[in-house]
1. How far apart, in nm, are the 7 Å Cα→Cβ label points at residue 107 and residue 166?
2. For the ranges 272-284, 230-242, 111-123, what's the packing order if you count other beta-carbon atoms within 10 Å of each residue, average per peptide, and put the highest first?
3. I want to check the label-to-label distance for residue 263 and residue 144. Put each point 7 Å from Cα in the C-beta direction and report it in nm to one decimal.
4. Just from the alpha-carbon atoms, what are the Rg and Dmax of segment 39-179 in angstroms?
5. Would you mind checking which residues have amide H under 5 Å from residue 288's amide H? H placed 1.01 Å from N; only 5 or more apart, or other chain.
6. Against the empirical 2.2 N^0.38 Å scaling, what ratio does the C-alpha Rg of segment 24-103 come to?
7. What FRET efficiency would be calculated for the residue pair residue 286, residue 211, taking the C-beta separation as r and a Förster radius of 30 Å, to the nearest 0.05?
8. Hey, with R₀ at 41 Å, roughly what FRET efficiency would residue 19 and residue 88 work out to, going by the Cβ-Cβ distance, to 0.05?
Amino acid sequence: MTTQNGPEPAERKSSGWNDDWPSRIRALAGGELTPVTPRRAATVLLLRDGEQGPSVHMLRRRTSMAFAGGVYAYPGGSVDPRDERPVAWAGPSLADWAARLGLDDEASAQAVVCGAVRETFEEAGVLLAGPSPETVVEDTTGDHWEADRAALVARELSFAEFLDRRSLVLRSDLLHCWARWITPEFEARRYDTWFFVAGLPRGQRTRNASTEADRTVWIRPEEASAGYDRGELLMMPPTIAMLRELRPYGSAAEALAAGEGRDLTPVLAQAELRDGEIVLSWPGHAEFTMRFPVSEPGVSESEVSEPGASAPRGSGRTTGAGA
């Protein structure tokens, strides 16, 4: 439902709505706004099997947060420039990862993969690394692990230094690409985010290690989707899109295997004027389409049209970081 000023409050929060969107869309369409270059980010959907099928680990952003407070998301965040530093590596080659992620160089591919593993450890306490290319750390709950995790969060320690200090190999083979979403061109803060799926390593357990979250939960995709549909769980478009796409799989292994063939063409929102309304839509995801009136006089259809037309194309798919 929309009002004179746009969607209802709950819809605004779950979609990431900002009250300055209409004016920014008009400015972008009129050539008065230069799109911000999106920061690269990575998000990981951790999966584990239960009696009724796979569950996914989610965290709820603190309600006091200025942006997306109370919204459910997955562990993730921005790529650290230091994530490009060489690390002990297991799994597909960097060249293979670059091709899969739709990136032009191996350093960028490593940064995205390292960012995904690092953020999962920082926000969920789960580490996709081990003493050898065939093993994974079994326990990351001791005080010495927490000290290193806190140093990573504070950027006092790079992820490469952390792995080297502990003689660990990054297990890139445990990550599987799922999607790529890019924040709309009219947004003030933009992210080019790769979503991955990974199984919870044997012996490890998740915990609420993020200062931005007030709750974590393991939940079946069907249950989380139903909670969203009832208006009980707030989520951004890419978050609920991932849940809906996970529902057909009967086990974590099935979902991980499906990641090998996923289309990673970036999803980028588009805006256009239709019948006196600005229509904001995400290609391939009709349920998230939003409409709001053109309240400023003198705005014509030729002045508002598809700011997402220059969306990246390639082998890769879009969101905001940590969505």
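Readers should treat all values here as calculations from the given coordinates under stated rules, not as data from a laboratory. All values reported here derive from a predicted model rather than from experimental measurement. Please note: Cβ atoms are built from the backbone with ideal geometry, for glycine as well, and neighbour counts cover all protein chains shown.
1. With each label point 7 Å from Cα toward Cβ, the separation is 2.7 nm.
2. So the order, starting with the most tightly packed, is 111-123, 230-242, 272-284.
3. Placing both labels 7 Å along Cα→Cβ, they lie 4.9 nm apart.
4. Here Rg and the maximum Cα pair distance are 15.2, 42 Å.
5. Residues meeting the amide H criterion: 282.
6. The reported ratio for this selection is 1.59.
7. Efficiency computed from Cβ-Cβ geometry: 0.25.
8. 0.30
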